[in-house]
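Trainee: Here it is, the structure in full.
The numbers here are math on the coordinates, done by the rules we state, and not lab data. This one's a predicted model, so the numbers in the text were calculated from it and none came from an experiment. Cβ placement follows ideal geometry from the backbone for every residue including glycine, while neighbour counts extend to all protein chains displayed.
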Amino acid sequence: MDVRRTVPVALDVDSDDAVLLEDTVDTFLWSAQYVVDHAFQGEYVTTSKTTLDDETYDDVREKTDGFNGGLVQAARNKAAEACKSVVARWKNGKKASKPTFTSPHIVYDKRTATFHDDYVSLATTDGRIEADYILPEEGSDTPHSEYLFSDEYETTGAELHSHDGDWVLHIHCKRDVESDTSEKATPENGTVLGVDLGVNTLAVTSTGTFWTGDEFDHWRREYENRRGSLQQCGTRWAHQNIQSVGRKEEGRFKQMLHRISNELVAEARENECSVIAFEDLTDIRERTGASWGHKWAFDRLYEYVEYKAEEYDIVVKQVDPENTSRRCSHCGFTHPDNRDEEEFECLKCGYENHADYNAAKNIGLRYLRRNQTGGDGGAPLGVRLNSGTLNVNGGYSPAEESARTGVHAESHDFSRG
């Protein structure tokens, strides 16, 4: 199996090269948009990379005055994946419109980027440029030393992002790991760990572990106040410091989300879960009233859990979130009045618990029902609770005496900040 990591590296780009990169970003986004526009021209949306390549490659090269062929193909791939995502949403009965590309970035592979020990060579609209890495101090324990400069990992490509004049290269690294069934952290027929995400409580698992949103909200307000004060100054110094505040904010939140993701994966391993199930994040802002910052945090958390769980052969999936907060995980009765903010009380059977914990169990059950194959073929056998499991029909089975005795599954006071 492949273990993949992404390492963000800031680049030292001089003013002349920055102009070239900006032109390359514009051309890359234009190329991807051209392919999308072409894909949507017919009666059906074209999603095949081969077909889109045959029908658009020459046109794009001609209209962009010979834009680098590798970058043209990368833009085509980006467009094809976006089209596939739209079609998938349509098939699931969800709304989706034609993709548009506005976020300033470029996708590079080994043909268009050459990665060296302390700098990178990047293809542009006019030849190549070289940019030095801006790296942490030597000896510090960072993803750069652990993945980027490790002999165990191979560099496969990168995405270059631009924000307020800063250039950051998100470098993709990969290593092959032999799968040894005797050392797997989870059994073939393991259990599902359901995870519910929210505003007041960032994450809740079906095992009853809570990660509150207090720290996230505190620092979000703190950084907003700092930016507001600097914006009132209106000076060049203030503008530069606003950018610095933004970088510090993103760094703090990423560190916090890495910690939570580590704890989530540890929770899954401790409970012998073969799957971690999240709700579909596509429309989570509309469902939960989350801010853009919360949506960003949810996406990053899922991304971190996904690649960290892969190392332990734990699958991470998303399920349809419809009614997971209104459905009783005990009897299955679904009604809007079952939930009152953070409290859940089933109108039919009287089951009471924290609403997010109830939703986490329902998310696990939904994955279980969607993938149940009768207990063979590696299908998970239940949703993991703190003191046992729920089967596909919602039936409870207590855990063995050796497994986390003394704490009942329905307790939800053992939260983590």
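Trainee: Under 5 Å between amide hydrogens, which residues at least 5 positions from residue 318 or on another chain qualify, with H placed 1.01 Å from N in the peptide plane?
Mentor: Under 5 Å from the amide H of residue 318 lie the amide H atoms of 278, each far enough along the sequence or on another chain.
Trainee: Next question, about the same structure. Roughly how far apart, in whole Å, are the Cα centres of segment 1-36 and segment 319-362?
Mentor: That distance is 45 Å.
Trainee: Where in segment 319-356 are there chymotrypsin sites (Phe, Trp or Tyr not before Pro) that are in a DSSP coil and have at most 14 other Cβ atoms within 10 angstrom of their Cβ?
Mentor: Details: sites: 333, 344, 351; in loops: 333, 351.
Taking segment 319-356 and a limit of 14 other Cβ atoms within 10 Å, the loop chymotrypsin sites (Phe, Trp or Tyr not before Pro) found are 333.
Trainee: Once the Cα atoms of segment 2-176 are picked out, what are the Rg and Dmax in Å?
Mentor: 17.5, 58
Trainee: Then there is this: Through the Karplus equation 6.51 cos²θ - 1.76 cosθ + 1.60, θ set to phi - 60°, convert the phi angles of segment 60-75 into ³J(HN,Hα) values in whole Hz; use x for Gly and Pro.
Mentor: 5, 4, 5, 6, 10, 6, x, 3, 2, x, x, 6, 4, 5, 5, 5
Trainee: Just how large is the dipole of segment 294-365 about the Cα centre, in debye to the nearest 20, putting +1 at every Lys and Arg Cβ and -1 at every Asp and Glu Cβ?
Mentor: Magnitude of the dipole: close to 180 debye.
Trainee: If you filter segment 1-76 for GluC sites (Glu not before Pro), then keep DSSP loop positions with at most 10 other Cβ within 10 Å, what is left? Intermediate values should be presented prior to the final figure.
Mentor: Values: sites: 22, 43, 55, 62; in loops: 43.
Here the sparse-neighbourhood loop sites are 43.
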